[in-house]
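K.L.:
One structure, pasted below without further comment.
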Amino acid sequence: MFLIGIESSGPRGGVALADGEDLLEEIAFEEGMVHGRELMPALDRMLRKAGIGPRDLELVAVDVGPGSYTGVRVGVAAAKMLAYAIGCPAAPIVSTDVLAENAEDVEDDLCPIIDARWEQVYAALYRRDWVWLRTEGPAAWRPEELAARLPPETTVFGSGLDRYGAVFRRWRKGDAGLAVPRASVVARLGWQALQAGATVPCMSLAPLYLRPTEAEVKFGVAGTSPPPGC
């Protein structure tokens, strides 16, 4: 059963093609938020190389965030369009779940931390029980608020540490490479969602923003104004 994974929540992004749980190919984009330009051509090349067409796909898995608003919008829109055209279900995948899967060798509790700007971070807490189980989040927190929730034996990692490393200095730091979300992991989690009956109709796909967008704030939809720069 062929399925694709789309990752566009991070600064790099990519697409992956799998046959069930077996990864066939993964293409990672250049850094620099080129998702909109690269996503569909990369997918087309991948399918042609595998000798299959879009209608051979039976599932589209996509990272719905949290992460870059622009990147997430691009990925979700592409996934919705593709799944609708094919007539297949979709699997919305949370970006912190994708990052947690990178930490295969970590035995502590785990907390991926993503820089959310506006003096906030996106994060979720996990504990190991054969697989990573999400126990809280994802949510947008002030760094100090998140730090107050972390158990002592927690490994932290992610882009949020680049800006707020001092806040989390008491916790064990994971390798910087763990902070890169991969499309192959999105595909694998999508396959697991399919096995668990956790897919959704494509038109119900929506970005997981966790807070108002800048446009909502600017035009008065949201109640409070964030600091500039998002």
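K.L.:
Restricting attention to the stretch 66-106, and to residues there that are assigned to a helix (DSSP H, G or I) and among the β-branched types (Val, Ile, Thr), which single residue is nearest to Thr154 (Cα to Cα)?
P.N.:
Thr96
K.L.:
Out of Ser68, Ser95, which single residue is among the polar types (S, T, N, Q), touching a residue at least 40 places away in the same chain (Cβ under 8 Å) and touching a Phe, Trp or Tyr at 6+ places or on another chain (Cβ under 9 Å)? Full working, then the answer.
P.N.:
On the way: Ser68 fails: touching a Phe, Trp or Tyr at 6+ places or on another chain (Cβ under 9 Å).
Of the residues listed, the single one that is among the polar types (S, T, N, Q), touching a residue at least 40 places away in the same chain (Cβ under 8 Å) and touching a Phe, Trp or Tyr at 6+ places or on another chain (Cβ under 9 Å) is Ser95.
K.L.:
Name the single residue, out of those in the stretch 110-157 being assigned to a loop (DSSP other than H, G, I, E, B) and touching a residue at least 60 places away in the same chain (Cβ under 8 Å), that is nearest to Ser68 (Cα to Cα).
P.N.:
Trp118
K.L.:
Could you list all residues from the stretch 1-60 that are in contact with a Ser or Thr (Cβ under 6 Å, 6 or more places away or on another chain) and assigned to a strand (DSSP E or B)?
P.N.:
Ala16, Leu23, Glu26
K.L.:
Additional query: Name every residue in the stretch 103-115 that is more than 20 Å from Ala166 (Cα to Cα) and either at pLDDT 95 or above or within 16 Å of the chain's Cα centre (by Cα) (or both), in order of residue number.
P.N.:
Answer for the stretch 103-115, where residues must be more than 20 Å from Ala166 (Cα to Cα) and either at pLDDT 95 or above or within 16 Å of the chain's Cα centre (by Cα) (or both): just Ala103.
K.L.:
Considering Arg163, Arg170, Arg182, which residue is buried (at least 19 other Cβ atoms within 10 Å of the Cβ), over 13 Å from Asp109 (Cα atoms) and not hydrophobic (A, V, I, L, M, F, W, C)?
P.N.:
Answer to the check: Arg182.
K.L.:
Which one of Trp130, Trp118, Trp141 is outside the structural domain of Pro54 (by TED's automatic domain parsing) and modelled with pLDDT of 95 or more?
P.N.:
It is Trp141.
K.L.:
Going through Ala100, Ala83, Ala90 one at a time, which residue ends up being crowded, with 24+ Cβ neighbours inside 10 Å, among the small types (Gly, Ala, Ser) and either closer than 21 Å to Arg12 by Cβ or modelled with pLDDT under 95 (or both)? Steps first, please.
P.N.:
Working: Ala83 fails: either closer than 21 Å to Arg12 by Cβ or modelled with pLDDT under 95 (or both); Ala90 fails: either closer than 21 Å to Arg12 by Cβ or modelled with pLDDT under 95 (or both).
Residue meeting the stated conditions: Ala100.
K.L.:
Hey, another quick one. Residue check: is Tyr164 of a type in the set (Phe, Trp, Tyr), in a strand (DSSP E or B) and at pLDDT 95 or above?
P.N.:
Working: of a type in the set (Phe, Trp, Tyr): yes; in a strand (DSSP E or B): no; at pLDDT 95 or above: yes.
The answer is no for Tyr164.
The values are calculated or read from the model by the stated rules, or taken from the named source; none is laboratory data. Remember, predicted model here, so these are calculated numbers, not experimental data. Positions of Cβ are generated from backbone atoms using ideal geometry, with glycine treated the same way; all protein chains shown enter the neighbour counts.
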